[in-house]
Every structure is written in structure tokens, then in C-alpha cells.
């Protein structure tokens, strides 16, 4: 199973999001910058999973943080700051993808961390390959990305949030403003399609 | 056999999930964070959070960034404008062109005055300007000649 990333930092020395948001609303840019530091990689990972294009992702990450900053006065704190910024990122990216149809196959992938070489799934794949054809990491990356791009924007979002970011159904439902039943249903159909697309890697 | 098939399908689904999860190892280049912070600092540091009143207004419109909220707002606004337009234009649009006037809607004028204006009882009498020729005989009535609202008196007093 996927290790679920912790949403809230354990470090008790760091001020909570609510305090930073409050300071940022009062015009303290340093507080907002701390929020950016805290979430930029997660927001990047989310958008990157959806677009499969690193330059588009960087542009969108900036747009999201600019948008969030300008909308801070409208943030009432009914949900966690994390949920709110993710919701903005998802909506922004879905809108972007709808306009970007032309470049569905145009990908620009990030390098995979060396740690993938020790991942049990990757080791399993490697052990199944014939000695003459070692599994190419780059090729695998491209195929995973291409498979994800066959999904609709909403199905892809659910897969990215659940299977890549390890987020629970309830949190995804809050971010996507739908029921947990819808999240489960989208996940089910998305996995069925991915299974067809990635059948060559199936055990 | 069926159970085995189901298990196999379940295993494959689980494997697909683990396969997709490998994407979490894909990371942006090491300078991404610094680059992103610098770019945002340049864009944002000079403006206050919430920005101008227009930004605040847009922020309010985009509560929770739920597009449906905006949709409802815009739809309501359009509906309101449409109703307004229909009401403004409604008089001529919905009233029948030659609807007979109810008896109590007719101006209480002496029969002689009505004859002076026109013998036409239709509603057009009240829409188009009517030129009423004032002859001395017309002015023999007591008081001013009563005419339909849009009548234009034309005198021949040379």
C-alpha cells in the first residue's frame, strides 16, 4: 500500500496554518511565504500528476499561490487551509486541462528519485523482466503518464490524490466538492481503465 | 474457479494501484522551491493580501473556489435581467393590439366630445396623435373641448 503523507507537520515549533493565515491576512508576507514553503511541493505533485508536464506545472503552481494570496480575505477558515488550496489547485488545473486538449500527448517528465530503485513494486517488475530486457525507468514513467492521460480530468484527479498522494476518500470528497461515494466510484472506473492500459505490466 | 478469477482481478487492481503510486518518486528539480519562492515574491510582495477592492470582490465570489457558486450567482443575475427586460417591454408585447377597453376604462367624456375627436373607438385612439380640428361650433360646448390623451388641437382662427 501507499504510504500516506502526513498532511500536518509534526514539528510543534512551527506555527499552525491558521496562525500563519491570520498573519498573512494582516499583510505579513513572511507568514504567507512560510505557507508557500509548507505546501509548494505537495501542490506541485498534485498538479504534475494531473498535467504530466513540468513547465505547465510550475506555471500553474505560481498561479495557484497568487490566486490564493489574493483570495485570502475570502477564506473564512471553514475548511483547513490545506483543503482550500488543494481545491483551488484542482479547479485551476482542470480548467487548464480543458483548454489544453491539443497537448494531451506532449509530456515533459521530472526525473524519478533514486529511491524508486528500492521500491518493492519496481523490484517486482524488474524481477519479472527477461535478463536481456531490463526494465527502463524512463519508459515506465512515460507509460504510466500516458495511461493517466487517458483518464478524464476528474478521474485522473481522484487517482492522483488517492493512489499517488495517499489521501483518504473523505478528504478527496471535500477537495472535489462531491460525495465519498462519487470518489469511490471514480476510483473504481479509473483503475479499471488503467488496468487495461497497463496490462503489459500485470502479474 | 470464479473465486480464483475474482482474486486475480483484485490482485491486478492492487498491482495497478502500486504501479501508479510509483509516480510519487518523480520530483521537480532541486531548484524548484527557490525558483518558485523568488518568482512569487516578485509577483506578490508589492501587493497586500486581498489586493484591490476588485480582487476582494472576486475572492468573495469565489468562496471556497466552488465554481457552482459562481454559476448560481451569474444565472440569478441573468434571470433578473431577463425578467426586468420582459417587464419593461411587456406593455406592447403582451397587450393585444386591439383589445376592447372595458367600459370603466373609457374616459368619462360627453358624447359630443368623443364625436369631435373621432368616431373610432379602438385603442389606437390613445396611441397615435389625433389632430382635432377646432371649429367654432366645437367650442360652443361648456368648458374646454375634452379630447383623448394624445390628441393635438389644430385651430383655424385666422
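Every number in this text was worked out from the coordinates using simple rules, so none of it is lab data. As the structure is a prediction and not an experimental result, all values here were calculated from the model. Every residue, glycine among them, receives a Cβ derived from its backbone with ideal geometry; neighbour counts consider all protein chains shown.
Descriptive notes on the structure:
- Against the main long axis of the alpha-carbon atoms of chain A, helix A:180-197 sits at an angle near 30°.
- Plainly put, chain A has a radius of gyration that is 1.00 times its Kirkwood radius, both from alpha-carbon atoms, as the Rg/Rh ratio.
- Residue exposure proxy: A:199, B:151, A:79, ordered by other Cβ atoms within 10 angstrom of their Cβ from fewest to most, comes out as A:199, A:79, B:151.
- Computed packing ranks the peptides A:162-171, A:188-197, A:119-128 as A:162-171, A:188-197, A:119-128, most packed first, by mean other Cβ atoms within 10 Å.
- Between A:110, A:78, A:59, the GNM of chain A built on Cα springs shorter than 10 angstrom shows A:78 fluctuating the most.
- Counting only other chain Cβ atoms within 10 Å of each residue's Cβ, the peptide B:33-45 averages 5.
- For the residues of A:110-119, the average number of beta carbons from a partner chain within 10 Å of their own beta carbon is 4.
- Anisotropy class of the stretch A:1-101 from Cα gyration tensor, a/c 1.5 cut: oblate
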